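The values are calculated or read from the model by the stated rules, or taken from the named source; none is laboratory data. If you're wondering where the values come from, they're calculated on a predicted model, not measured in any experiment. All Cβ positions, glycine included, derive from the backbone under ideal geometry; neighbour counts span all protein chains shown. Heads up: the accessible areas ignore ligands, DNA and RNA and are worked out on the full protein's heavy atoms, side chains in. Shrake-Rupley method; radii C 1.70, N 1.55, O 1.52, S 1.80 Å.
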Amino acid sequence: MSAAAPSATPPRGTLATVRRNIVDRIGDPSLRVLAGAASVVAVFVILLLAYKVFDGSSSAFSKFGLGFLTSKIWNPVTNQFGAASFIYGTLVSSAIAMLFAGPLSIAIALYLTELAPRRVRRPVATLVDLLAAIPSVIIGLWGILVMAPFMVNQLEPALHSVLGWIPLFGGSPSPFGLLPAALVLTIMAVPIVSAITREVFETVPSDLKEAAYALGATRWEMTRMVILPIARPGIVGASILGLGRALGEAIAVTQVIGGAVSIHASLFQPADTLASRIASQFQSASGTVYISSLFYLAAILLVISLIVNIGARLIVRRGIPAKVMN
Amino acid sequence: MSATIESPNPPPKLFTTSARRKRVNRSMEVLSTLAAGLAVAVLVIVVGSVVIKGVSALNLDFLTETPAPFGAPGGGIANSIVGTFLLVAIASVIAVPIGLLIGIHASEFARPRVSNAVRFALDILSGVPTIVTGVFIFGLLVAGHVQSGYAGSVALAIIMLPIVARSAQEVLRLVPNSLREAAVALGVARWRMVLRVVLPTAAGGLITGAVLGVARVAGETAPLLLTSSIASNAVSWNPTQALSSIPVTIFTLSESPAPADHARGWAAALVLIVGVLALSVFARSLHERSRRRLRG
């Protein structure tokens, strides 16, 4: 401020500046505090979630203990509950789903990164991604009304007549069972696994690919010797993330698995998973032990999916740029 | 992380019989193409089934009327449409601001270790099965009380939060630091800089994340089954009571033995799928545009 400046200019500017400074003095820390609080909320929610689920299962845990995990009985009338058949159904349906979804996703990712003409690449990738956007209840609806009749009339009789000597394909065909559940889960896992696998494939340095070509490798040989070894952790991680999705899916599985408390070698027979048992029984559940047993199922499912998800992220993070994960 | 190209010494068997190598190569290419074709075919078959079977049962009455009494013909899903709208709207009001603030925290304030920890928590949260989220909210808000629209919305908000927050974190990180420095150099306070410079620059990407979150939870069934499913058939705008929703309605109709209910289920699925896919496509185009702008 030079002395020559006339005081004719009213102090309006300075007043506004003062007010602005005061607002800033409040605004700055409040934004910081609000933003920090929001982050704390995210951490708090996950802790509270785990606490509530375990807390809810406490009365079932005190009654059945760890024997709950190995008991096959689920009888609301006698108040006897056990999770073994649901754990079995969960693991088997998800494992079969990943058996299909893993190779399929790798092949799709290869097509989209190496084979597809530039014009086709984007639209096909978008369509595969859109598969992930279809709500699970609609895939389940399609599963019940379109896929189940096809299963019982065409696919399962055909499998049975060819492979019936294997216990997996023994037994009479039925519209609801582990196999339809696994197929529905495959549909839901493929877009997730292939999207991550595709991004991992794109991070493979092109000079290594070109080096393989220069040595005279065919495209498949280049894939097998360059892309797959480099992308292996990413592929494994992506598959495990897909597995996590399959393990926790409740609705579409409930619609096609048949809801039976049984452990059966045949994939055609009705079964049930942890998630779908909770979904199908919660509304009708009454009584402390019954509801608490459903919480216990949720706790088992939570533990399994936490292990799977954390494991997947640890594997993928090794050697893969962080931006691929989300 | 080195590529394991075998040493050419002795010369690998691979590079000998050329015809066989070409055949293997060709069949692998065909298999990959078939896999991609299969995925697209499944999408077309599922969406096609919904469209073909849904259109025949869909009419204006279906959108504006409440469900017909059991066994009666006609009726609609107006109550479920209103319910889904309310549930998703309340969930967004909860999840979008919190998610945005988490993103701001990571890009403007937090030390890397803290923001990594938060990111880890969000990743875990997004890996929690939605039915478990439903059980959690049942235990927190419904047990000992009654189901309510608010409980359902909170469950949806928890599912939405990691989607919105993670995309906010990613997008805000893309905002060039030079813009922030320019603002600070002009003497702008930090919070003004965030609100007036950072957020508007990243607006497209932030909206994308929110829209994707909305598209995701609009189709969620499992958590609502436990928290907001025992609802009256009347159109209700009152979230203190359980609200019906399109996904739960589809679920119920799909379990019914009556063919008329199946037709209603397909029509409801058509309404839902059009909404969800439209949101997804919209988010996608927005995403492309904002990415191109940020990359300059």
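One chain, two ends: residue B:24 and residue B:241. Fully extended at 0.36 nm per residue, the span grows by 71.9 nm beyond their Cα-Cα distance.
Using the 1.4 Å probe convention, the accessible area of chain B works out to 46 Å² per residue with neighbouring protein chains retained. In chain B, the DSSP-assigned H stretches of four residues or longer account for a calculated mean residue ellipticity at 222 nm of -23000 deg cm²/dmol, using -39500 (n - 2.57) per stretch and the full residue count as denominator. Using a probe of 1.4 Å on the protein chains alone, the accessible area found for residue B:27 is around 60 Å².
In the elastic network of chain A, a GNM with C-alpha springs shorter than 10 Å, the most mobile of A:290, A:111, A:88 is A:111.
Taking R0 as 22 Å, what's the FRET efficiency between residue A:317 and residue B:114 from their Cβ-Cβ distance, rounded to 0.05?
E between residue A:317 and residue B:114, to the nearest 0.05, is 0.80.
For region B:200-212, the Karplus equation 6.51 cos²θ - 1.76 cosθ + 1.60, evaluated at θ = phi - 60°, returns couplings of x, 4, 9, 3, x, x, 5, 5, 3, x, 5, 5, 4 Hz by residue, with Gly and Pro reported as x.
Label positions at residue A:73 and residue A:303, each projected 7 Å from the Cα along the C-beta direction, are separated by 2.1 nm.
Average partner chain C-beta neighbours within 10 Å, per residue of B:137-143?
Across the residues of B:137-143, the mean count of other-chain Cβ atoms within 10 Å is 5.
Dipole magnitude for chain B: about 1600 debye, using +1 per Lys or Arg Cβ and -1 per Asp or Glu Cβ, origin at the Cα centre. For the protein assembly as shown, the residue among A:153, B:182, B:118 whose Cα projects farthest onto the positive side of the dipole built from Cβ charges is B:182. Close amide H pairs (under 5 Å, H built 1.01 Å from N) link residue B:66 with B:76, B:78, residues at least 5 positions away or on another chain. Across peptide A:56-68, the mean count of Cβ atoms from other chains lying within 10 Å of each residue's own Cβ comes to 1. The length gained on full extension between residue A:165 and residue A:66, counted as 0.36 nm times the residue separation minus their Cα-Cα distance, comes to 32.0 nm.
Residue B:22 exposes around 140 Å² of accessible area when a 1.4 Å probe is run over every protein chain in place. Amide H neighbours of residue A:81 under 5 Å, at least 5 residues apart or on other chains, H built in the peptide plane: list them. Here A:75 satisfy the definition. The phi torsions of region A:221-234, fed into the Karplus equation with coefficients 6.51, -1.76 and 1.60 and a -60° offset, translate into couplings of 5, 4, 4, 5, 9, 10, 5, 4, x, 5, 8, 3, x, x Hz, rounded to whole numbers, with Gly and Pro shown as x. Look at where the Cα atoms of region B:51-70 and of region A:121-174 average out, and the two centres are 27 Å apart. Overall form of the protein assembly as shown: oblate. Here a/c, set by the Cα gyration tensor axes a ≥ b ≥ c, is 1.5 or more, and a/b is not larger than b/c.
Rounded to the nearest whole Hz, the Karplus-based 3J(HN,Hα) values (6.51 cos²θ - 1.76 cosθ + 1.60, θ = phi - 60°) of region B:133-138 follow the sequence 4, x, 4, 4, 5, 4, with x at glycine and proline.
Helical content of chain A, expressed as a calculated mean residue ellipticity at 222 nm, amounts to -22000 deg cm²/dmol (DSSP H runs of 4 or more residues, -39,500 (n - 2.57) each, divided by residue number, nearest 500).
For the pair region A:49-75 / region A:229-285, the C-alpha centres are spaced 19 Å from each other. Comparing each chain alone with all protein chains together (probe 1.4 Å, DNA, RNA and ligands left out), the residues of region A:135-164 losing at least 20 Å² of accessible area are A:135, A:137, A:138, A:141, A:142, A:144, A:145, A:146.
Report in % the part of the accessible area of the protein assembly as shown that belongs to carbon and sulfur, leaving out ligands and nucleic acids; probe 1.4 Å. Carbon and sulfur together cover 67 percent of it. Sorting B:61-67, A:102-108, A:248-254 by average packing, meaning the other beta carbons within 10 Å per residue, from highest down gives A:248-254, A:102-108, B:61-67. I'd like the mean, over residues of A:25-38, of how many other protein chain beta carbons sit within 10 Å of each residue's own Cβ. Mean partner-chain Cβ count within 10 Å for A:25-38: 6.
As a calculated quantity, the FRET efficiency between residue B:184 and residue B:282 at R0 = 35 Å, using C-beta atoms, amounts to about 0.50.
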